[in-house]
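Enquirer: There's a structure below that I have some questions on.
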Amino acid sequence: MLWTLGLCKGYKPAVGFDLTATATGSRARTATLTTAHGTIETPVFMPVGTRGTVRTQTLAQLERLGAPILLANTYHLLARPGPEVFEKFGGLHPWMGWKGSILTDSGGFQIFSLAEGRAMSEEGAEFRHPSAGTGMLLTPERSIAMQRSIGSDIMMVLDQCIPSTSPHAQAKAAMELTHRWAKRSLDARGTSEQQLFAIVQGACFEDLRRESAAALTGSGGFDGYAIGGLAVGESRAQREDITELTTQLLPPDRPRYLMGVGTPIDLLEGVHRGVDMFDCILPTALAQHGKAFTSHGRIDLRRGVHKMAEQALDATCACEACTLYSRSYLHHLVKCEEPLGWQLLAFHNLTFYVKLMAEIRASIAAGTFAAFYAERREELALTDLDNPPGPKPRMRERKAMTLGAFGIGVSASGHASIEHLASGQVMHPDDDPNTEAERVYVGQSALIARALTGDGPALVIWDVGLGAAHNALALIRALDAAPNHAPIELVSFEYDLDSFRLALANTGPFPHLRHPAPHVLAHHGEFVRDRLRWRLVEGDFLTTFPAEPAPDVILYDPFSTKVDTPMWSLATLRALFAHLTRRTELFTYSASTAVRSSLLLAGFHVARGISSGPKDETTIALRFGDDADLMTHHRLLDHTWLSRRARSTAQFAADIPPEQQIELERMLMTHPQFV
């Protein structure tokens, strides 16, 4: 649903949102957001001051914390103290003494969290405030009027937030109501110079998120966009996938705000996917229960193991909790439920969040975010079970190392690799699979090299035999380093996805899969980013490839002829050759005489590929079409190879019966490549 909207008379656009840096290989970015109360460096975390105060924190502590913006809640401030107080004192800023910026949530989350006894209608949400005991009708107009009285720098439209696991029909109805309320909120803004953010809804349904983003961005008039309806029931993987999708749909010149999220690892993953702003109650709420976020991971000070611990909570932190007290004393405060313990841990947690965001911004600006992301996402996932101050705890249950027909093995070079259990054969048995993928499947192609410079036309690339996605990720890493590359359509074919799923579940030995792309592909069957589209085609290759557009480049990497014989048959290669309608380069690790013979008999020209490490040569097959200039780019097999072939004991593939070999031998000798 799109609407056409003229801007309200007297409306002034956002004071400013200016991008300053973008990370390589990521959607992470830095920017400056200017409001009436100062400039905010993003990505930024906003401490939550629901009722005009951040729980347990004094104004002096908040100023020392250095957070440039706080979040307050319209619903709770409307219920108590009410708009007349803010109108008397000139808004929330002078009333609480805060000189920084303020963002106000509209009350939409309370429509979700206070659902019991709440009645919904087109007009708004009517419910009784649980502590004030008064009835309240919260409408878009009333929410905006209250936010204007509060005087926040950034206002939010009223939305209907529902569980992210809701059925499609319910999610669609809530989304459409949110769109209608967004228009009413925009109309109610009037001449206010406060910024106003819209909220994208749609639960965990990709089609609804696309529809919502299109409706809100197409309307005009909003100064920023929030991603709502997450952290309310979905898995972390679902949340990351929806966040990644939604940020791609939002305009790059407006701030993106992920509402109500989350833990430190959630913030890092959100920044990686293009989010600029976050808020969450966890730093103060978990502090009340003795939990602290540290450079050693999350610490639970209620555990008895900390009773006699002399060390600091976090040796890298300069807050009072870490510099003045031991873990033992903090454990005592927590167990006794002393308010001082809550206050100390809350300030520590908020300090950790603010420091993490500063480190993220610095790494993006320095061009080192990719390394920072890889290192910190492992650290932030730790708990004090991983870093205990006392005896080592019982080992956790290990992840499954097999799935279906595959297991995780070790190659001859000592690298983790996928093993076919029945045959004992290992993918990439002799070399580092990432190095082999970069050299054999990406580095050799003249077409890919041209595409990476941005000079080439759109390319279609087939990845035949996805496996653990080494080849696809090698290409994507190359594209990450060349943001102005030509448009790429990458199509991965795989008959049995168990090898891919097994590797995704064990990214420790397969660090190349820590990139977001394969996880999005596994969940949605497609990963789209700027000029790259990566699709997954599951099923028998012979039955699926005819429906796909002819490729420019083929990364041909099925299992060996012993394990996956049909993929190397003359019939398959002939069918593949017939499908090619333009010049094509095919790269494969095999250099066997039988495979090269079948490629020649299928109609390809065949050349020597570079060494993969242990193997002296790999193979390149060429389909020239009307353009033969690639012939000079590669080292075609010549009569020297024919002489060596004549001495081979395996001149033909096993699928070619002896009675056909005489005729096929004649065809091979008269191949244009040798004539």
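The values are calculated or read from the model by the stated rules, or taken from the named source; none is laboratory data. The structure presented is a predicted model; accordingly, all values stated were derived computationally and were not measured. As a convention, Cβ positions derive from the backbone with ideal geometry for all residues, glycine included, and neighbour counts pool all protein chains shown.
Enquirer: Quickly run through the range 229-280 and pick out the residues that are among the acidic types (D, E) and within 24 Å of A115 (Cα to Cα).
Expert: Residues satisfying the conditions are E234, D279.
Enquirer: Restrict the check to the range 315-326 and report whether at least one residue is touching a residue at least 40 places away in the same chain (Cβ under 8 Å) and either farther than 30 Å from D241 by Cα or out of contact with any Asp or Glu (no Cβ under 9 Å at 6 or more places or on another chain) (or both). Before the answer, list the steps.
Expert: So in the range 315-326, the residues touching a residue at least 40 places away in the same chain (Cβ under 8 Å) come out as none.
Within the range 315-326 (the criterion being touching a residue at least 40 places away in the same chain (Cβ under 8 Å) and either farther than 30 Å from D241 by Cα or out of contact with any Asp or Glu (no Cβ under 9 Å at 6 or more places or on another chain) (or both)), the answer is no, since none of the residues qualifies.
Enquirer: Can I ask one more? Out of all the residues in the range 105-127, is one or more assigned to a strand (DSSP E or B), closer than 24 Å to Q195 by Cα and modelled with pLDDT of 95 or more?
Expert: yes
Enquirer: Would you mention how many residues in the range 639-652 are under 25 Å from R583 (Cβ atoms) and surrounded by 12 or more Cβ atoms within 10 Å (Cβ to Cβ)?
Expert: Summing the residues that are under 25 Å from R583 (Cβ atoms) and surrounded by 12 or more Cβ atoms within 10 Å (Cβ to Cβ) in the range 639-652 gives 2.
Enquirer: Restricting to the range 544-563, what's the tally of residues that are in a loop (DSSP other than H, G, I, E, B) and either without any contact (Cβ under 8 Å) to a residue 60 or more places away in the chain or over 17 Å from A422 (Cα atoms) (or both)? Before you say what the answer is, go through the steps one by one.
Expert: Within the range 544-563, the subset in a loop (DSSP other than H, G, I, E, B) is 548-552, 557-563.
When the remaining residues are screened for being either without any contact (Cβ under 8 Å) to a residue 60 or more places away in the chain or over 17 Å from A422 (Cα atoms) (or both), the result is 548-552, 557.
Count: 6.
Enquirer: Then there's this: Inside the range 316-342, can you point out the residues that are crowded, with 19+ Cβ neighbours inside 10 Å and within 16 Å of L286 (Cα to Cα)?
Expert: Answer for the range 316-342, where residues must be crowded, with 19+ Cβ neighbours inside 10 Å and within 16 Å of L286 (Cα to Cα): A321, L330, H331, L333, V334, G341, W342.
Enquirer: Here's something else I'd like to know. Could you look through the range 554-610, keep only residues that are basic (K, R) and closer than 11 Å to I620 by Cβ, and pick out the one that is surrounded by the fewest Cβ atoms within 10 Å (Cβ to Cβ)? Don't jump to the end; show me each part of the working.
Expert: The first filter runs over the range 554-610 and keeps only residues basic (K, R), leaving 562, 574, 582-583, 596, 608.
Going one step further and asking which of them are closer than 11 Å to I620 by Cβ, we end up with 596, 608.
Values: R596: 23, R608: 18.
Checked the range 554-610; the qualifying residue surrounded by the fewest Cβ atoms within 10 Å (Cβ to Cβ) is R608.
Enquirer: May I pose another question? Would you be able to say whether some residue in the range 530-541 is in the same structural domain as L447 (by TED's automatic domain parsing), among the hydrophobic types (A, V, I, L, M, F, W, C) and farther than 27 Å from E244 by Cα?
Expert: Checked the range 530-541: at least one residue is in the same structural domain as L447 (by TED's automatic domain parsing), among the hydrophobic types (A, V, I, L, M, F, W, C) and farther than 27 Å from E244 by Cα.
Enquirer: Hey, another quick one. Looking only at the range 77-94, how many residues end up being surrounded by 14 or more Cβ atoms within 10 Å (Cβ to Cβ) and part of a loop (DSSP other than H, G, I, E, B)? Even if it seems obvious, please write down each step before you answer.
Expert: Taking the range 77-94 first, the residues surrounded by 14 or more Cβ atoms within 10 Å (Cβ to Cβ) are 77-79, 81-83, 85-86, 89, 91-93.
Checking which are part of a loop (DSSP other than H, G, I, E, B) leaves us with 81-82, 91.
Of the residues in that region, 3 qualify.
Enquirer: Taking L313, is it in the same structural domain as A28 (by TED's automatic domain parsing) and either among the hydrophobic types (A, V, I, L, M, F, W, C) or buried (at least 23 other Cβ atoms within 10 Å of the Cβ) (or both)?
Expert: In short, no.
Enquirer: Now for a different question. With the structure loaded, tell me whether R583 is in the same structural domain as I488 (by TED's automatic domain parsing), more than 25 Å from H671 (Cβ to Cβ), of a type in the set (D, E, K, R) and in contact with a helix residue (DSSP H, G or I) (Cβ under 9 Å, 6 or more places away or on another chain) or whether it fails that test.
Expert: Working: in the same structural domain as I488 (by TED's automatic domain parsing): yes; more than 25 Å from H671 (Cβ to Cβ): no; of a type in the set (D, E, K, R): yes; in contact with a helix residue (DSSP H, G or I) (Cβ under 9 Å, 6 or more places away or on another chain): yes.
Spelling it out, it is not the case that R583 is in the same structural domain as I488 (by TED's automatic domain parsing), more than 25 Å from H671 (Cβ to Cβ), of a type in the set (D, E, K, R) and in contact with a helix residue (DSSP H, G or I) (Cβ under 9 Å, 6 or more places away or on another chain).
Enquirer: All but one of (1) within 21 Å of P546 (Cα to Cα); (2) of a type outside the set (S, T, N, Q); (3) in contact with a Gly (Cβ under 6 Å, 6 or more places away or on another chain) hold for A602, so report the exception by its number.
Expert: (3)
Enquirer: Taking the range 476-509 as the search range and keeping residues that are without any contact (Cβ under 8 Å) to a residue 40 or more places away in the chain and closer than 21 Å to H415 by Cα, which one is surrounded by the fewest Cβ atoms within 10 Å (Cβ to Cβ)?
Expert: Result: G508.
Enquirer: Regarding the range 150-166, can at least one residue be identified that is surrounded by fewer than 20 Cβ atoms within 10 Å (Cβ to Cβ), touching a residue at least 24 places away in the same chain (Cβ under 8 Å), in the same structural domain as R254 (by TED's automatic domain parsing) and not small (G, A, S)?
Expert: Among the residues of the range 150-166, at least one is surrounded by fewer than 20 Cβ atoms within 10 Å (Cβ to Cβ), touching a residue at least 24 places away in the same chain (Cβ under 8 Å), in the same structural domain as R254 (by TED's automatic domain parsing) and not small (G, A, S), which makes the answer yes.
Enquirer: Hey, among the residues in the range 538-553 that are surrounded by fewer than 19 Cβ atoms within 10 Å (Cβ to Cβ) and not small (G, A, S), which one's farthest from F205 (Cα to Cα)?
Expert: Per the criteria, the residue is L542.
Enquirer: Then there's this: Working only within the range 449-460, note down all residues that are in contact (Cβ under 8 Å) with a residue 60 or more places away in the chain and either over 18 Å from A481 (Cα atoms) or not assigned by TED's automatic domain parsing to the domain that holds D480 (or both).
Expert: V460
Enquirer: For I111, state whether it is within 22 Å of H37 (Cβ to Cβ) and of a type in the set (V, I, T).
Expert: no
Enquirer: Here is a follow-up. So I418 passes all but one of these: (1) within 20 Å of K562 (Cβ to Cβ); (2) at pLDDT below 85; (3) not in a loop (DSSP other than H, G, I, E, B). Which condition number does it fail?
Expert: It is condition (2) that I418 fails.
Enquirer: If we keep just the residues of the range 331-375 that are part of a loop (DSSP other than H, G, I, E, B) and without any contact (Cβ under 8 Å) to a residue 60 or more places away in the chain, which is nearest to T22 (Cα to Cα)?
Expert: Among them, the one singled out is T368.
Enquirer: While we're looking at this one, here's another question. Of all strands (runs of 3 or more DSSP E) completely enclosed by the range 255-315, which ones contain at least 2 residues that are at pLDDT 95 or above?
Expert: Because the criterion is at least 2 residues that are at pLDDT 95 or above, the strands (runs of 3 or more DSSP E) in the range 255-315 that meet it are 256-258, 277-279, 291-294.
Enquirer: Criterion first (closer than 16 Å to H37 by Cβ, surrounded by fewer than 17 Cβ atoms within 10 Å (Cβ to Cβ) and among the charged types (D, E, K, R)) does K99 satisfy it? So that I can check it myself, show each step before the final result.
Expert: Values: closer than 16 Å to H37 by Cβ: yes; surrounded by fewer than 17 Cβ atoms within 10 Å (Cβ to Cβ): yes; among the charged types (D, E, K, R): yes.
Yes: the conditions hold for K99.
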